[in-house]
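I have placed the structure first, in the form of structure tokens, so that the comments after it can refer back to it.
The values are calculated or read from the model by the stated rules, or taken from the named source; none is laboratory data. Everything numeric in this text was worked out from a predicted model, so none of it was measured. For neighbour counting, all protein chains shown are included, and Cβ atoms are generated from backbone atoms with ideal geometry for every residue, glycine included.
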Amino acid sequence: MLANTLWQIGPRAQSLNRQKSLLLKTIAVLLVVAMMLPFLHLMLRALGSDASTWEAYLRFRTFSTLISTISLAASVTLFGIALAVPSAWLVCRTDLPGRRIWAILLALPLAIPSYIAGFAFIAALGPRGFLHQALANLPVTISFPGITGFSGALFALTMITYPYIFLTTAAALQRLDPSFEDSARVLGLGSMKSFLFVTLPLLRPAITAGALLSSLYALSDFGAVALMRFETFTQAIYVQYSSSLDRSLIALFGLTLVLVTVLILWLENRSRGKSRYYRLGAGAARRKTVALGRWKYPSVALLSLLAMVSLGLPVANVLYWTLRGTSSEHLDILDLAQRAFNSVAVSSLAAAAAVGVAIPITTLTTRRKSAFNTFIEAASYSGYALPGIVLALSLVFFAANYASFIYQSLLLLIIAYVLHFIPAAIGSIRTSWLQLNPHLPESAHTLGHGSTSVFTRISMPLLRPGIAAAAALVFLSVMKELPATLLLGPTGFSTLATSIWAFTDEAMFAPAGPPALLLLALASLPMYFLLPRLGSQ
Amino acid sequence: MSNPALSCKNLHKRFGNHSAVDSFNLNIAKGELLALVGPSGCGKTTVLRLIAGLERLDAGQIDIGAIEVANSSFSLPPEKRSAGMVFQDFSLFPHMSLSNNISFGLTEHKDTVTPSSNDHYLELVGLQGFGNRMPHELSGGEQQRGALARALAAQPEILLLDEPFSNLDVNLRSQVREEVTQIIRASQVTALLVTHDIEEAFSVADTIAVMMEGTVGQVGTAETLYSTPANEEIAHWLGAANFLDAYCDGTSAHCELGSVQLQRECHGRRRIMLRPEWLSLTPSSDGNSRIIHRTYYGHDQMLEIEMKSGPRLLVRALSADSIQLGQEVSVVATNPATTFPV
């Protein structure tokens, strides 16, 4: 009798699970469709180009711009690695004084938008900058041409993107089982050699993950390169968008940029190889720290210089604008508060939406391997392949033609943010899922809890660090985001980022100070969630 | 006759092209502690996961008590089965105190829960006063007992233990093994323990099932399995064994060792099996063998001898016996041999 009753409960419970699985799959398919729309639009537009468009495409310095764009992204990444990896090692593995503080200071430049950094570096290190003038006043002649063009863009972008590599590398160093290094030492390698031949190869997946973020940032940046007067593809697209009416040409440029991004993703995937993820060991072995000895002060000096340039200069510059502004101009507190509210509101909404989409998708894709899941996962990363400006243009086109009711609405802007930044959110939550011991939810099931209870009481609390980091990353990125906000924001909608851009575009630096200062402060808050126990014992 | 506490009928499970469980049959009586042993990769853990409902059957049927929980077309979800599981890594929820871990399983039986339930299970496993500790504040053995308390608190019909002692230090293992076995016996729960450690199975279980390549090769008590294994593979796997070709004529066999007693009457050409401790040797200048290798264990020693007629044999001797490498000895069988077909 009892068996019979259970026969009836059983299949119902199963169909319930099937329904949940179906819901997850529906969300995943919707996201993939949304992500494919911009690609589709670019394709259609590009196919619609006539001979004159192709002529314009080839006449425009396409090839040389492509080369300079790629060399910029590559150089930014290489310099970033050179700065970030030794810094991460110093912070995580040595007896450097104040390691926790260094970890924060070196990660904070992530909160600085490239256009703010660009202005600061021009003012300090540019051809007529502070350093140039100081050197000119010296009795001896020291030639310093100042940074501009390629060198300027490279410098500015390196200073604000090395924290990506620093964060991923430091997190991996923190997790890495030190017994590998110990084994190398026992086998007779010196500490330098064991770092080069054992630790560094083990860190490669993490370094590559950070390098991917920084190279894609360099590729799609448009603030710093515009200020440094260095022509890249992203900038060319923006110029074309604001001056020309040939949308097919823009689509061709966009596709070219997408191709470069796909190439970078392919390189990253190859470099990462099989050692994609590593689980945390059962017991965290006590980490031994390397005594720096007489290298202590040089190390502190180097890190101080890095922090002072990458963080100190932009902050000082913004402070200078602000102080000069309040003395000479009237500061509209209400207006500023409104913009800050707009910034925080869209950033929070985008962060919540991105996490809301990323959780079901990662739940699905990390559960078991299937062709469908692999496809969803690959598709969800394709957001990386769409530079913000290309994505924004596609959405403008899509909304204007097919969904006019969301054109110029906040909804469209949030959709753009989610599509643009979802890969970072998925990456962060996915890593947490992969580090979650599958026996924990399984134990909960055998203790009589259904899927919903297991998810809310076991999985969610354990995924929380990954979810918080994902939300923080999206929040931070949206706070700084410029091209999509400029193109998709409703008329009259202004955020801190767009108002800084608007003021500085007309060379009004004093009024740009307060919003810039506020932006830096607000964007640094979520850094708290991105620095899990870094530098602490 | 009452139903067995667990019955597995003809279970099949494939992963891709690999057949993990193949025609697996097993019954466990109520209150019995059964150890499922087998080499790594033989499918033991998959069987546990099938019973717990963490994997789905391809074919066969599983009953827990009188309830059919799985067959090829239907699978009761794990939370609806009365099967508790203790994992190899203990899997205490790291974000909950030990008490909360234990009451996590109690919540589904609200009507029977009293405030003292939690303490009762803590006491059962000897962890009184540890309720407020977080899992990382417990030692390996304490985590092990905590996981056991959590599983028992849910009052399962059957308790499944997956290699529960393999994550413990060797010097801690036998002690924890003893404690855990006593707790299981005290709570009178039916238990199925999976292990690859034959010594562990021998010392803990009432009944042992030997699993080879996805199926049960033999079920029986430790003594039966050790002295009368079902085939040569199991004989090898359960401990060191000597095999000799022999000709049987009823109660004795004729082989290199001369005439050897047989456990069961048998006729014709056979292979006979003798465990190393079923042989005895005495130093003798014109013995039939010579010592070629010696491994000393303290309480006893294992000697490898080469018979003058060719075969090599393993002999277990007391460590007190003074024996030199290269010494000539004569070997005789002191226990009756098991026979296998040629």
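Checked against (1) over 17 Å from A:Val315 (Cα atoms); (2) under 19 Å from the mean Cα position of the chain (by Cα), A:Leu106 passes all but condition (1).
For the range B:184-215, residues that are under 13 Å from the mean Cα position of the chain (by Cα) and either surrounded by fewer than 21 Cβ atoms within 10 Å (Cβ to Cβ) or farther than 25 Å from B:Ser19 by Cβ (or both) total 13. Out of all the residues in the range A:366-377, is one or more within 30 Å of B:Asn101 (Cβ to Cβ) and surrounded by 17 or more Cβ atoms within 10 Å (Cβ to Cβ)? Within the range A:366-377, one or more residues are within 30 Å of B:Asn101 (Cβ to Cβ) and surrounded by 17 or more Cβ atoms within 10 Å (Cβ to Cβ).
Scanning the range A:382-427 for residues that are more than 12 Å from A:Ala34 (Cβ to Cβ), of a type in the set (S, T, N, Q) and modelled with pLDDT under 85 turns up A:Asn401, A:Ser404, A:Gln408.
Scanning the range B:300-342 for residues that are within 30 Å of B:Gly250 (Cβ to Cβ) and either among the polar types (S, T, N, Q) or without any contact (Cβ under 8 Å) to a residue 12 or more places away in the chain (or both) yields B:Ser309, B:Ser330, B:Thr334, B:Asn335, B:Thr338, B:Thr339. Within the range A:251-263, one or more residues are under 26 Å from A:Leu47 (Cα atoms) and of a type in the set (Gly, Ala, Ser). Residue-level analysis places B:Leu225 outside the set of residues that are in a helix (DSSP H, G or I), in contact with a helix residue (DSSP H, G or I) (Cβ under 8 Å, 6 or more places away or on another chain) and surrounded by fewer than 19 Cβ atoms within 10 Å (Cβ to Cβ). Do we have any residue at all in the range B:143-151 that's away from chain A (no Cβ under 11 Å), aliphatic (A, V, I, L, M) and either surrounded by 19 or more Cβ atoms within 10 Å (Cβ to Cβ) or touching a helix residue (DSSP H, G or I) at 6+ places or on another chain (Cβ under 7 Å) (or both)? Yes, some residue in the range B:143-151 is away from chain A (no Cβ under 11 Å), aliphatic (A, V, I, L, M) and either surrounded by 19 or more Cβ atoms within 10 Å (Cβ to Cβ) or touching a helix residue (DSSP H, G or I) at 6+ places or on another chain (Cβ under 7 Å) (or both). Of all residues in the range B:11-23, at least one satisfies being on the phi > 0 side of the Ramachandran plot and in contact (Cβ under 8 Å) with a residue 24 or more places away in the chain. Taking the criterion of being surrounded by 15 or more Cβ atoms within 10 Å (Cβ to Cβ) and at pLDDT 85 or above, the residues of the range A:524-536 that qualify are A:Ser524, A:Pro526.
State yes or no: is A:Ala521 crowded, with 20+ Cβ neighbours inside 10 Å, assigned to a helix (DSSP H, G or I) and at pLDDT 85 or above? So A:Ala521 does not fit the description; no. Residues of the range A:295-320 that are under 25 Å from the mean Cα position of the chain (by Cα) and of a type in the set (S, T, N, Q): A:Ser304, A:Ser310, A:Asn317. Contact map, the range A:485-510: first residue surrounded by 19 or more Cβ atoms within 10 Å (Cβ to Cβ), second residue of a type in the set (Gly, Ala, Ser) and part of a loop (DSSP other than H, G, I, E, B), Cβ cut-off under 8 Å, separation 6 or more or different chains; pairs are A:Thr495/A:Gly489; A:Thr498/A:Gly489.
Of all residues in the range A:30-51, which are surrounded by 12 or more Cβ atoms within 10 Å (Cβ to Cβ) and more than 30 Å from the chain's Cα centre (by Cα)? Full working, then the answer.
Filtering the range A:30-51 for residues surrounded by 12 or more Cβ atoms within 10 Å (Cβ to Cβ) gives A:31-32, A:34-46, A:49.
Hit for the range A:30-51 is A:Ser49, nothing else.
Per the listing A:Leu83, A:Leu135, A:Leu106, the residue uniquely free of Cβ contacts under 8 Å to residues at least 12 places away in the same chain and in contact with a Phe, Trp or Tyr (Cβ under 6 Å, 6 or more places away or on another chain) is A:Leu135. Across the range A:100-123, not a single residue is classified as farther than 19 Å from A:Leu203 by Cβ, in a loop (DSSP other than H, G, I, E, B) and small (Gly, Ala, Ser). If you go through the range B:158-188 and keep only what is in contact with a strand residue (DSSP E or B) (Cβ under 9 Å, 6 or more places away or on another chain) and away from chain A (no Cβ under 14 Å), you end up with B:Phe165, B:Val180, B:Thr181, B:Ile184, B:Arg185, B:Ser187.
Considering only the range B:33-43, I want to know if a residue exists there that is within 19 Å of A:Ser453 (Cα to Cα) and either within 14 Å of chain A (Cβ to nearest Cβ) or surrounded by fewer than 16 Cβ atoms within 10 Å (Cβ to Cβ) (or both). Taking every residue of the range B:33-43 in turn, none turns out to be within 19 Å of A:Ser453 (Cα to Cα) and either within 14 Å of chain A (Cβ to nearest Cβ) or surrounded by fewer than 16 Cβ atoms within 10 Å (Cβ to Cβ) (or both). In the range B:46-82, the residue that is surrounded by the fewest Cβ atoms within 10 Å (Cβ to Cβ) out of those that are facing chain A (nearest Cβ under 10 Å), small (Gly, Ala, Ser) and part of a strand (DSSP E or B) is B:Ser75.
Counting only residues that are among the hydrophobic types (A, V, I, L, M, F, W, C) and more than 7 Å from every other protein chain (Cβ to nearest Cβ), which one in the range B:83-106 is surrounded by the fewest Cβ atoms within 10 Å (Cβ to Cβ)? Steps first, please.
Step one: of the range B:83-106, the residues among the hydrophobic types (A, V, I, L, M, F, W, C) are B:83, B:85-87, B:90, B:92-93, B:96, B:98, B:102, B:104, B:106.
Right, trim to more than 7 Å from every other protein chain (Cβ to nearest Cβ) and you get B:86, B:90, B:92, B:96, B:98, B:102, B:106.
Working: B:Val86: 27, B:Phe90: 24, B:Leu92: 27, B:Met96: 18, B:Leu98: 29, B:Ile102: 29, B:Leu106: 20.
Filtering the range B:83-106 for residues that are among the hydrophobic types (A, V, I, L, M, F, W, C) and more than 7 Å from every other protein chain (Cβ to nearest Cβ), the one surrounded by the fewest Cβ atoms within 10 Å (Cβ to Cβ) comes out as B:Met96.
Criterion applied to A:Val418, A:Val454 was being of a type in the set (A, V, I, L, M, F, W, C) and more than 14 Å from chain B (Cβ to nearest Cβ), and the one residue passing it is A:Val418.
For the range A:159-175, check the following and say yes or no: at least one residue is β-branched (Val, Ile, Thr) and either farther than 30 Å from A:Ser428 by Cβ or surrounded by fewer than 22 Cβ atoms within 10 Å (Cβ to Cβ) (or both). Before you say what the answer is, go through the steps one by one.
Initially, the range A:159-175 is screened for residues β-branched (Val, Ile, Thr), giving A:160-161, A:165, A:168-169.
Retained after the next criterion (residues that are either farther than 30 Å from A:Ser428 by Cβ or surrounded by fewer than 22 Cβ atoms within 10 Å (Cβ to Cβ) (or both)): none.
Looking through the range A:159-175, none of the residues is β-branched (Val, Ile, Thr) and either farther than 30 Å from A:Ser428 by Cβ or surrounded by fewer than 22 Cβ atoms within 10 Å (Cβ to Cβ) (or both).
Out of the range A:365-398, which residues are aliphatic (A, V, I, L, M), assigned to a helix (DSSP H, G or I) and within 26 Å of the chain's Cα centre (by Cα)? First the steps, then the outcome.
So in the range A:365-398, the residues aliphatic (A, V, I, L, M) come out as A:371, A:376, A:378-379, A:385-386, A:389-393, A:395-396.
Retained after the next criterion (residues that are assigned to a helix (DSSP H, G or I)): A:371, A:376, A:378-379, A:385, A:389-393, A:395-396.
Within the range A:365-398, A:Ile376, A:Ala378, A:Ala379, A:Ala385, A:Ile389, A:Val390, A:Leu391, A:Ala392, A:Leu393, A:Leu395, A:Val396 meet the criteria.
Criterion first (in contact with a helix residue (DSSP H, G or I) (Cβ under 7 Å, 6 or more places away or on another chain), more than 14 Å from chain B (Cβ to nearest Cβ) and closer than 30 Å to B:Leu148 by Cβ) does A:Leu412 satisfy it? Walk me through how you get there before you give the answer.
Numbers: in contact with a helix residue (DSSP H, G or I) (Cβ under 7 Å, 6 or more places away or on another chain): yes; more than 14 Å from chain B (Cβ to nearest Cβ): yes; closer than 30 Å to B:Leu148 by Cβ: no.
No.
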